[in-house]
Every structure is written in structure tokens, then in C-alpha cells.
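Nothing in this text is a laboratory measurement; each read-out follows from the coordinates by a stated rule. Computed from a predicted structure; not experimentally measured. FYI the Cβ positions are ideal-geometry reconstructions off the backbone, even for glycines, and counts take in every protein chain you see.
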Amino acid sequence: MKLAPIDFVIIAAAIFMAIKAGPLALVQQLIAAGANVNALDGQDSTPLHRAGLVQPAEYATSLVTTLLR
């Protein structure tokens, strides 16, 4: 299935919402689905920056591990 450009926008927004809500497994699934880990939010933060601000350090560490796979 080929994604339309709007799908990538929705996935990018979803990763930021998932980070704020907290379930790391959901964030990992979005990354596996092709979420842009370099997307910027309204404050020019990437998903990793946002995770570092709103989640415990272990969360960001797990996210980095996911990104390095």
C-alpha cells in the first residue's frame, strides 16, 4: 500500500501525540510504520527532543535504541 503525502503528515503528528501520551510501544510501532523521526513540531522539536522533555530519561534512551535499529 502506497501512502499519500497527507498520510505522512498524520503519522508525524501521531508520533508527537504518542510521546505525550506515553506508550513507548505505540511510538515504536509508528517508527516501524515509517514515521519521520526528524519531523518538527510547532516548537521546532523532533520526537526525540519532545520525549526528553516530557518523559523519563529511560523512555528517551529506549527511543534512541529503537532509532538505532
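Here are the numbers:
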{"quantity": "Table column - 3J(HN,Hα) (Hz), segment 27-35, Karplus curve with 6.51, -1.76, 1.60, x for Gly and Pro", "calculated": "4, 4, 5, 5, 5, 4, 7, x, 4"}
{"quantity": "Listed peptides 33-46, 51-64 by packing density, highest first (mean Cβ within 10 Å)", "calculated": "51-64, 33-46"}
